[in-house]
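Report on the structure given below.
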Amino acid sequence: MIQTIVKRDGRCVLFDLDKIAAAIFKAAQALGGSDYEMARALAEQVAASLEEAGNQSPTVEEIQDAVERTLVDNGHARTAKEFILYRAQRTRVRDMNTRLMKTYEELTYKSADENDIKRENANIDGDTAMGTMLKYGSEGAKQFYHMFVLRPEHSKAHLAGDIHIHDLDFLTLTTTCCQIDIDKLFTGGFCTGHGFLREPNDISSYAALACIAIQSNQNDQHGGQSIPNFDYGMAKGVAKTYRKLYTRNLAKGLELFCGIDDAEGIAKAIRDGISDARGIGPVFADDNGYRDQEAELLHEYTDGETTEKLQQFARREAVKETRRATYQAMEAFVHNLNTMHSRAGAQIPFSSINYGTDTSPEGRLVVECVLRATEAGLGNGETPIFPIHIFKVKEGINFNDGEPNYDLFKLACRVSAKRLFPNFSFIDAPYNLQYYKPGHPETEIAYMGCRTRVIGNHYDPTREIVNGRGNLSFTSVNLPRIAIRAKGDVDWFFEELDRKIDLVIDQLMERFEIQAKKKVRNYPFLMGQGVWIDSDKLGPDDEVREVLKHGTLSMGFIGLAETLKALIGQHHGESEYAQNLGLEIIGHMRRRMDDATRATGFNYTLLATPAEGLSGRFVRMDRKQFGELEGITDHEFYTNSFHIPVYYNISASEKIRLEAPYHALTNAGHISYIELDGDPLKNLDAFEQVVRYMKECGIGYGSINHPVDRDPVCGYTGIIDEVCPRCGRREGEAVSVQKLRELGCWQESAANCGYCGDPFEESERSANPLSF
Amino acid sequence: MVQINQDGVEMVGKGVGFERIRRITGYLVGTLDRFNDAKRAEVGERVKHTVSREVKL
């Protein structure tokens, strides 16, 4: 008689016949059975067969084997099959639990240096307490969704590396990103969820609130946050600042030149009087005749000559102070976005700002100042990492000499040549220009985060705008794997690609169903404060389903180069034939998204996936499965979306020409990079020519990479190979304090790192290049 | 931190590396340490693109 059994963890427990009977009964029940006595009889047979084999203390596995045998021997084949399935499912759950614990163990005891998971997203410091906490949550959530939420075919496809469901840890929680209309948000003030903020009244509060808006929204979504109309939005803050400063300086003048006691009160009364009667006030451009009106009223207090002196003083000082205030506000904005945290402190908000087309003097000042603040760098001259700057290039506004913002475009090139930002977006690319309506900034293309683009709107064609909209979720296809499996059969490749596309369309819709059931109160800022389009029409307990339909569901891809290599032996940088096939593949994927859009009424779009964590994941799995294939799986990464491989020698113009047509196809977002050698500051013409060529070729969004190194000891920023060109030290080497003193880059107060700021850079800064 | 070496000279910067800022997938990262393995490899393999006269517009 069996007395005990051995459990999986090695413990010995009392044998219980009813447990075996219950397991058999459950399997039978799944097939409609209801005879518990029969199950019990079968369980007795199982026990008997084990005893017969002389096993007095069987293991769980041995018992389960015996159950399977007994069921088959008694003609219960279907029940046996059900039991085997149940057993496999239990094994899977157990394995996943074990794997999760293993993952937790590595997160706990290994540093980011040793653990790739902790470096999955370079924007999160995996070595901090909150960074690790975030990872525990993220890894646990993923396992849970695989086991209990995802449809098995989607889970399987993801785990096998056929597709990649991005931001899976947020599957049941939120959506990707949003383009925040700060103009609308600030009007009347807003609530962060923790306190109400009044409508800001000067540029410094505008800049501070813009940071808070980005930070608050970052906690409601898992992707990046973008301001599509930074110059237009901030310009209002500059206007308010000027108005305030002009009045204050006029008052100072009145007090000084005319000996008036309540000068401030009188200056305000004059301003408000003109404002009520004529609807005008002091403006930065000084072009509305306000000063003439004001002069008449000032005659009551002083003569004509003094009036003119007073007004000139007020004007001069107000301009000077407004410029200073705006610069300081932009400096603080950039500093804040590089130091403030979101997500329990683990991550700096992923922020982007778009600007360059506002031709008002206030808007221009904002752009000039934010660029100059970026050029100057952070406290010790470091290159700011955030926000991502996107300069909107538009012919007629800032592209050619003589256009109102051409000086800003030149400045943008100079800053980018030093600091890697801004990137450049091109409103004139035909697929962007089709939405553009002059005088409507919300129709100017904007990009966010790495490259996301949301403007077309099949759900509501009257709202083809950027403001208040964003991506809901995206999933990428492992293109190279399909190509490897096709073994040169291009027709089969397209058939299999279609099957994967069907799967992705399905999975995105499934995820939308989860997102759509959320209530406004699940997104206190994004929806609660009306940031997302039309959410201001909803109450706190309303479902967000309808308003979410303004967002996009995107399918992405990586490794077009490896795909082509696998299919025809060449990538699109190597032959025109490969380029044509590449365009056919991506064109097909885009058509499938357009078809899905028409069929469902949702905005399905095609994304050139940024692939940070993914770039290594797919290729590792494929190398394991198919071996090391030359030009396909023999690198540590699959090539970014449709890019020409980073290791392939090609001229800048050729790369731009070849990649541009893919921008037109990837309506969910794209970016092209050019790697420049040497210091582009020494050849700004070449830098600008590259940007101009991007526009001519129809690139939508591009940027230029060049090395930006910095020696924190002497403060040198530029290219450093082995030896710092300024102080002559090698990495890790010490340099004498005397030498730093001679070089003029030593401050006693900064003895721990050597130096604060950069006198060389500062002395070379040219005066304000813009005229107003 | 200032240290005095064996010759009695004040030295600074021992153990301090250079910062190398690079762009990955669209955003900047202050140091290569934060990159995952695949992206580190990609940065290592990047080649420069020449700008020739033909780009002149």
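The values are calculated or read from the model by the stated rules, or taken from the named source; none is laboratory data. Since the structure is predicted, the reported quantities are computational estimates derived from the model, not experimental observations. In this analysis, Cβ positions are derived from the backbone assuming ideal geometry, glycine residues included, and neighbour counts consider all displayed protein chains.
Odds and ends about this structure:
The rows are residues; the columns are (1) modelled with pLDDT under 95; (2) in contact with a helix residue (DSSP H, G or I) (Cβ under 6 Å, 6 or more places away or on another chain); (3) surrounded by 17 or more Cβ atoms within 10 Å (Cβ to Cβ).
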site	(1), (2), (3)
A:I274	no, yes, yes
A:D303	yes, no, no
A:Q311	no, yes, yes
A:E317	no, yes, yes
A:K320	no, no, no
A:N336	yes, yes, yes
A:R343	yes, no, yes
A:I348	yes, no, yes
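- On the stretch given as region A:117-139, residues that are away from chain B (no Cβ under 11 Å) and either charged (D, E, K, R) or on the phi > 0 side of the Ramachandran plot (or both) total 2.
- Out of A:Y232, A:Y242, sole residue that is within 30 Å of A:G456 (Cα to Cα), surrounded by 21 or more Cβ atoms within 10 Å (Cβ to Cβ) and more than 19 Å from the chain's Cα centre (by Cα): A:Y232
- A:V415, sole failed condition from (1) surrounded by 24 or more Cβ atoms within 10 Å (Cβ to Cβ); (2) more than 30 Å from A:F493 (Cβ to Cβ): (1)
- Single unsatisfied condition, A:K500 versus (1) surrounded by 14 or more Cβ atoms within 10 Å (Cβ to Cβ); (2) part of a loop (DSSP other than H, G, I, E, B): (2)
- Yes/no for A:F284 being in contact (Cβ under 8 Å) with a residue 60 or more places away in the chain and either assigned to a loop (DSSP other than H, G, I, E, B) or of a type outside the set (A, V, I, L, M) (or both): yes
- Residues (under 55 Å from the mean Cα position of the chain (by Cα) and surrounded by fewer than 20 Cβ atoms within 10 Å (Cβ to Cβ)) located in region A:36-63: A:T59, A:V60, A:E61, A:E62
- Among (1) closer than 24 Å to A:R591 by Cβ; (2) touching a residue at least 60 places away in the same chain (Cβ under 8 Å), the one test that A:I514 misses: (1)
- Criterion: of a type in the set (S, T, Y) and either in contact (Cβ under 8 Å) with a residue 60 or more places away in the chain or more than 25 Å from A:K624 (Cβ to Cβ) (or both) - qualifying residue of A:T132, A:T103: A:T132
Residue by residue, here is whether (1) farther than 22 Å from B:V29 by Cα; (2) without any contact (Cβ under 8 Å) to a residue 12 or more places away in the chain holds:
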position	(1), (2)
A:Y638	no, no
A:H643	no, no
A:N649	yes, yes
A:K655	yes, no
A:L665	yes, no
A:H670	no, no
A:L676	no, no
A:M694	yes, no
A:H706	no, no
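- Criterion: of a type in the set (D, E) and in contact (Cβ under 8 Å) with a residue 24 or more places away in the chain - qualifying residue of A:D183, A:D261: A:D183
- Any pair with Cβ under 9 angstrom, 6 or more apart, that starts in region B:1-27 at a residue that is more than 7 Å from chain A (Cβ to nearest Cβ) and ends at one that is in a strand (DSSP E or B) and of a type in the set (S, T, Y): B:N5/A:S736
- Identity of the residue in region A:724-748, part of a loop (DSSP other than H, G, I, E, B) and crowded, with 18+ Cβ neighbours inside 10 Å, that ends up nearest to the other protein chains (Cβ to nearest Cβ): A:A734
- Residue satisfying all of: in region A:443-474; of a type in the set (A, V, I, L, M) and part of a loop (DSSP other than H, G, I, E, B); farthest from the other protein chains (Cβ to nearest Cβ) among these: A:I465
- Against the criterion of being within 22 Å of the chain's Cα centre (by Cα) and closer than 30 Å to A:L173 by Cα, A:I465 qualifies.
- Residue within region A:172-181 that is over 30 Å from A:F474 (Cα atoms) and touching a Lys or Arg at 6+ places or on another chain (Cβ under 7 Å) present: no
- Qualifying helices (runs of 4 or more DSSP H) (wholly inside region A:605-723; at least 3 residues being more than 7 Å from chain B (Cβ to nearest Cβ), at pLDDT 90 or above and more than 27 Å from the chain's Cα centre (by Cα)): A:614-626
- Any chance A:L371 is away from chain B (no Cβ under 14 Å) and either modelled with pLDDT of 90 or more or closer than 30 Å to A:N423 by Cα (or both): yes
- Residue within region A:44-54 that is more than 27 Å from A:D9 (Cβ to Cβ) and touching a Ser or Thr at 6+ places or on another chain (Cβ under 7 Å) present: yes
- The strands (runs of 3 or more DSSP E) falling completely within chain B that include 3 or more residues that are at pLDDT below 80 map to B:27-29.
- The residues listed here are A:A611, A:A596, A:A561; of these, the one that is farther than 22 Å from A:G161 by Cα and touching a residue at least 40 places away in the same chain (Cβ under 8 Å) is A:A596.
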